[in-house]
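Working notes for the structure below.
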Amino acid sequence: MNLHEYQGKSILNRYGVAIPHGIVAYTPDEAVMAAKAIQEITGSNFWVVKAQIHAGGRGKGGGVKLAKSIEDVEKLSKSIIGMNLVTPQTKAEGKKVRKVLIQQDVYYPGPSPTAEFYMSVMLDRNCSKNMVLYSPRGGMDIEQVAEETPDLIFKEYIEPGTGLQAYQARRIAFNLGLSGHAWKSMIGFVQSLYKAYCESDASLFEINPVLKTSDDKILAVDCKVVIDNNALYRHPDILEMRDLEEEDPMEVEAGQFGLNFVKLDGNVGCMVNGAGLAMATMDMIKMSGGEPANFLDVGGTANAKRVEEAFRIILKDPNVKAILVNIFGGIVRCDRVAQGVVDAYHNIGEIHVPIIVRLQGTNAEEGKTLIDQSGLKVHSAILLQEAADLVRKVLH
Ligand code: GDP
Ligand code: MN
């Protein structure tokens, strides 16, 4: 699950990671009130207005703007709230902005220059360890830094048994070129950030930029957080932060029926039991000249109700030109699944795309017979190759 910047920062704040003062606003009026409240606390006369959407690159897309007066705050909020923000990370049509974060401007002048760093904590699956990935060249062009000067991207691996050690935090602060008070603050920053990551069961905490202010404070200016969905049951407070408006409506609906669904861009809808088989099925579709329209794991109990819901969701996608049902009957019986397909077909009414059903395992033959005798426009198969050939045939 993705979080908004302001939500991620609220977690950081709980762990003692320094963040700029900020308040989220849904309307320009609220934005003005927020700016005044922040001014009272911080004395700041400048603010940034930041679009809150589940996508990065907002600065480049015009979703992060500096306001030099209360009138600016109002004007900028008016233009950003409701806009369709297009960034390098959104689709071409962009994302609608529903709220903004009003934040004190922390790039004020002072005794030393400001500096932007990059820092993220994530799991490196190759070595099964968490790592802190960081760079002294943070900011909006981090992708370019990684591409052109990869030696400026550092990694610190963390032993799961011992956690982040103090000497590692010191090394990070040193590699970022810090000294004195800023060096000390950075050590605390890294340690608190790592704790926030672990205790939230996150798969990513990305802070870009981490700012060294002109008076040597270390602040998380931006924050991207991804929480491991499988751990959400342990974090009711984080689950409450879920913003359904930012998620794909088809995926939200599928989740309500307990279906593991990921929307893709292809033309062949798939319904499979088991994630591994689903991945293999998607490969097979590609090799047959199609493109998967989705990933869909109906789970171990592919009963008639779930099969029907799965069909309904797949059929909502206008790109779908064929549906491939690939079920292995281990615990579930293939004839039951076949009956589910036939029932779903009747309940939904006429289905206008060809359906290929491949059943293998317990009662596969009975299942195939059921489908063949149903009189419906459903092609049945037992071997994977047969199913692949059928996909190729219906697509061409
Ligand atoms: P992103 O583009 O979606 O990653 O959004 P960020 O939160 O990283 O903001 C984009 C850029 O805006 C940052 O890289 C900063 O350079 C700039 N920015 C963020 N906060 C402030 C601020 O308080 N004052 C000023 N002047 N610039 C800021
Ligand atoms: Mn950023």
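The values are calculated or read from the model by the stated rules, or taken from the named source; none is laboratory data. Given the structure is predicted, the values throughout are model-derived calculations rather than measurements. As a convention, Cβ positions derive from the backbone with ideal geometry for all residues, glycine included, and neighbour counts pool all protein chains shown. What goes into the accessible areas is simple: the full protein's heavy atoms, side chains included, and nothing from ligands, DNA or RNA. Shrake-Rupley method; radii C 1.70, N 1.55, O 1.52, S 1.80 Å.
Answer yes if at least one residue in the stretch 329-340 is surrounded by fewer than 21 Cβ atoms within 10 Å (Cβ to Cβ) and either within 22 Å of Glu251 (Cβ to Cβ) or of a type in the set (Phe, Trp, Tyr) (or both), and no otherwise.
no
Is it the case, given these coordinates, that Phe174 is more than 26 Å from the chain's Cα centre (by Cα), aromatic (Phe, Trp, Tyr) and in the same structural domain as Asp141 (by TED's automatic domain parsing)?
yes
Can you tell which of Val48, Val24 is within 15 Å of ligand 1 (Cβ to nearest atom), in contact with a helix residue (DSSP H, G or I) (Cβ under 6 Å, 6 or more places away or on another chain) and within 22 Å of Asp243 (Cβ to Cβ)?
Going through Val48, Val24 in turn, just one is within 15 Å of ligand 1 (Cβ to nearest atom), in contact with a helix residue (DSSP H, G or I) (Cβ under 6 Å, 6 or more places away or on another chain) and within 22 Å of Asp243 (Cβ to Cβ): Val24.
Please go through the stretch 82-101 and pick out each residue that is more than 10 Å from ligand 1 (Cβ to nearest atom) and either under 27 Å from Phe205 (Cβ atoms) or out of contact with any strand residue (DSSP E or B) (no Cβ under 9 Å at 6 or more places or on another chain) (or both).
Looking only at the stretch 82-101, we keep the residues that are more than 10 Å from ligand 1 (Cβ to nearest atom), and these are 82-84, 86, 90-100.
Those that are more than 10 Å from ligand 1 (Cβ to nearest atom) and either under 27 Å from Phe205 (Cβ atoms) or out of contact with any strand residue (DSSP E or B) (no Cβ under 9 Å at 6 or more places or on another chain) (or both): Val86, Thr90, Lys91, Ala92, Gly94, Lys95, Lys96, Val97, Arg98, Lys99, Val100.
May I ask you to list the residues in the stretch 22-45 that are open to solvent by 80 Å² or more (accessible area, probe 1.4 Å) and touching a strand residue (DSSP E or B) at 6+ places or on another chain (Cβ under 9 Å)?
Tyr26, Met33, Ile41
Here is a list: Val342, Val332, Val337. Which entry is aliphatic (A, V, I, L, M), farther than 13 Å from Asn273 by Cβ and touching a strand residue (DSSP E or B) at 6+ places or on another chain (Cβ under 9 Å)?
Checking each option against the conditions leaves just Val342.
Do you know which of the residues in the stretch 82-93 that are part of a loop (DSSP other than H, G, I, E, B) and exposed (fewer than 14 other Cβ atoms within 10 Å of the Cβ) is farthest from the chain's Cα centre (by Cα)? Walk me through it before giving the result.
Kept after step one, since they are part of a loop (DSSP other than H, G, I, E, B), are these residues of the stretch 82-93: 82-83, 86-93.
Within this subset, residues satisfying the condition of being exposed (fewer than 14 other Cβ atoms within 10 Å of the Cβ) are 82, 88, 91-93.
Numbers: Gly82: 22, Pro88: 15, Lys91: 14, Ala92: 17, Glu93: 18 Å.
Top of the filtered list is Gly82.
Out of the residues in the stretch 177-217 meeting the condition of being more than 16 Å from ligand 2 (Cβ to nearest atom), within 21 Å of Ile158 (Cβ to Cβ) and not in a helix (DSSP H, G or I), tell me which one is farthest from the chain's Cα centre (by Cα).
So the residue we want is Leu178.
Is it the case that some residue within the stretch 234-253 is touching an Asp or Glu at 6+ places or on another chain (Cβ under 8 Å) and closer than 26 Å to Arg98 by Cα?
yes
State all residues of the stretch 219-249 that are of a type outside the set (Asp, Glu), touching a helix residue (DSSP H, G or I) at 6+ places or on another chain (Cβ under 8 Å) and within 14 Å of ligand 1 (Cβ to nearest atom); if no residue qualifies, say none.
If the condition is that a residue be of a type outside the set (Asp, Glu), touching a helix residue (DSSP H, G or I) at 6+ places or on another chain (Cβ under 8 Å) and within 14 Å of ligand 1 (Cβ to nearest atom), then Ala220, Cys223, Lys224, Val225 are the ones that fit.
Would you please name the residue that is farthest from Phe328 (Cα to Cα), looking only at residues in the stretch 371-393 that are in contact (Cβ under 8 Å) with a residue 12 or more places away in the chain, in a helix (DSSP H, G or I) and open to solvent by 40 Å² or more (accessible area, probe 1.4 Å)?
Per the stated criteria, the residue is Arg392.
Within the stretch 94-121, which residues are within 20 Å of Ile19 (Cα to Cα) and in a strand (DSSP E or B)? Explain how you work it out, then say what you get.
Step one: list which residues in the stretch 94-121 are within 20 Å of Ile19 (Cα to Cα), which gives 99-110, 112-121.
Val100, Leu101, Ile102, Gln103, Gln104, Ala115, Glu116, Phe117, Tyr118, Met119, Ser120, Val121 - these are the residues of the stretch 94-121 that are within 20 Å of Ile19 (Cα to Cα) and in a strand (DSSP E or B).
Just for strands (runs of 3 or more DSSP E) wholly inside the stretch 225-339: which have at least 3 residues that are farther than 21 Å from Ile382 by Cβ and under 17 Å from the mean Cα position of the chain (by Cα)?
In the stretch 225-339, 260-263 are the strands (runs of 3 or more DSSP E) which contain 3 or more residues that are farther than 21 Å from Ile382 by Cβ and under 17 Å from the mean Cα position of the chain (by Cα).
Quick check, is Lys65 of a type in the set (Lys, Arg) and open to solvent by 40 Å² or more (accessible area, probe 1.4 Å)?
Considered against the rule, which asks whether it is of a type in the set (Lys, Arg) and open to solvent by 40 Å² or more (accessible area, probe 1.4 Å), Lys65 comes out as yes.
Could you run through the stretch 25-81 and say how many residues are more than 16 Å from ligand 2 (Cβ to nearest atom), not aliphatic (A, V, I, L, M) and not in a helix (DSSP H, G or I)?
The number of residues fulfilling the criteria is 9.
If I ask for residues that are more than 8 Å from ligand 1 (Cβ to nearest atom) and in contact (Cβ under 8 Å) with a residue 24 or more places away in the chain, which ones from the stretch 52-68 would you list?
Matches in the stretch 52-68: Gln52, Ile53, His54, Ala67.
Given the residues Lys368, Lys321, which is the only one that is surrounded by 15 or more Cβ atoms within 10 Å (Cβ to Cβ), of a type outside the set (Phe, Trp, Tyr) and touching a Ser or Thr at 6+ places or on another chain (Cβ under 8 Å)?
Lys368
When the stretch 122-144 is examined, which residues are found to be within 15 Å of ligand 2 (Cβ to nearest atom), of a type outside the set (S, T, N, Q) and open to solvent by less than 90 Å² (accessible area, probe 1.4 Å)?
Leu133, Tyr134, Gly138, Gly139, Asp141, Ile142
Out of the residues in the stretch 121-154 that are within 20 Å of Lys60 (Cα to Cα) and in contact with a Lys or Arg (Cβ under 8 Å, 6 or more places away or on another chain), which is farthest from ligand 1 (Cβ to nearest atom)?
Restricting to residues being within 20 Å of Lys60 (Cα to Cα) and in contact with a Lys or Arg (Cβ under 8 Å, 6 or more places away or on another chain), the top hit is Val145.
Of the residues that sit in the stretch 222-239 and are open to solvent by 10 Å² or more (accessible area, probe 1.4 Å) and within 16 Å of ligand 2 (Cβ to nearest atom), which one is farthest from Tyr107 (Cα to Cα)?
Top of the filtered list is Val226.
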